[in-house]
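First up is the structure itself, then whatever we jot down about it.
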Amino acid sequence: MRNLLNFLVRYNSLIIFLFLEGIAFYLISTRNSYHNSRIVNSVRSTTRGVEEKINNTKSYLSLHEINERLAAENIALRNNISKLVKKESSLFFSVDDSTHRQQYLHTSAEVIENSINRQRNFFTINKGDSQGIKVDMAVISANSVAGVIIGCSKDYSVAMSLLNPDFKLSARIKSNGYFGSLSWNGRDYKYAILSEIPQHVLVNVGDTIETTGYSAIFPEGVIVGTVSDYEKFGGDFYKITVLLMTDFKKLHFVDVIGNMKKTEQLELEKLFK
């Protein structure tokens, strides 16, 4: 009680000032229509600003859920390209691609670990054997090459990133169909090297590089990137620098693709090798 009295004595002038200011503010806002309207508009403007900030915060916090929903919708659209046949597993759908006459399995997944600065890079996704993921399935991001599955546990899988010198991809120049071998040289994560393209072939900066489908892992026509630069190498072939379409620093949601006819194709090919 003594502390309260001491506080009132010490700050009595300030308290009286604030009390009188409050009364004056009340009289101005209630007795004068102009000031009243200005105050009401100011309060409404402040309220709208606060509500906008709150809504923006809610929208930001819900981005993860929105991205997951978009990834699921992307898979559904991809699977409806031709003929959609639902299998026993609700996680995978088979798609008979009439354009390239191959049949694939598609599912979406989320990248939960990724590296880009090592000599050999890998990334981990949040699906595994129990969700139908198998070794040698292709991984793409926004219809561009990302990697290939090399190991699975019950609920997780590890993929070899395209940013790995051990990753070899059969790729071609879309404009003329000439194909070669694409790999990463261990330097810049934005670029890879396409080799084995003969020097008599017309190559232009900006040409699209895509998969050939010869490996039985990646479907035909998946985008790899565009020609950034090229030079003659070894007297007979070009050394083509490819600007990769996939931004591996932003790798988050991916699609996993399995070729249902891969085993049949590889077993037949073994007979003649």
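Can you put R10, R172 in order, fewest other beta carbons within 10 Å first?
Numbers: R10 10, R172 23.
Ascending Cβ contact count within 10 Å gives the list R10, R172.
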Separation in nanometres of the label points that stand 7 Å from Cα toward Cβ, at D136 and K154: 2.7
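What's the exposure ranking of L243, L70, L268, going from fewest to most Cβ atoms within 10 Å? Provide the component values of the computation, followed by the final result.
Values: L243 17, L70 12, L268 9.
By the 10 Å Cβ count, ascending, the order reads L268, L70, L243.
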Amide N proximity, the stretch 144-182 versus T263 label position 7 Å along Cα-to-Cβ, cut-off under 19 Å: 149-153
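Taking the beta-carbon count within 10 Å as an exposure proxy, list L14, L251, L244, L163 from fewest neighbours to most.
On the way: L14 9, L251 20, L244 24, L163 30.
Ordered by Cβ neighbours within 10 Å, fewest first: L14, L251, L244, L163.
To check you understand DSSP bridge types, tell me what percent of the beta bridges within the stretch 113-240 (both residues inside) are antiparallel, rounded to 5.
On the way: 35 of 36 bridges.
Counting DSSP beta bridges with both partners in the stretch 113-240, the antiparallel share is about 95 percent.
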Across K174/K250; K190/K273; K174/K249, pairs whose alpha-carbon gap is larger than 30 Å: K190/K273
Approximate spin-label separation L70-F237, in nm, with each point projected 7 Å along Cα-to-Cβ: 3.8
Karplus 3J(HN,Hα) series, Hz, for the stretch 181-193 with 6.51 cos²θ - 1.76 cosθ + 1.60 (x for Gly, Pro): 10, 10, 8, 9, 8, x, 9, 7, 5, 8, 10, 9, 10
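Every number here is computed from the coordinates shown, using simple stated rules; none is lab data. These figures come from a predicted structure and were not determined experimentally. Every residue, glycine as well, gets a Cβ built from its backbone with ideal geometry; the counts of neighbours run over all protein chains shown.
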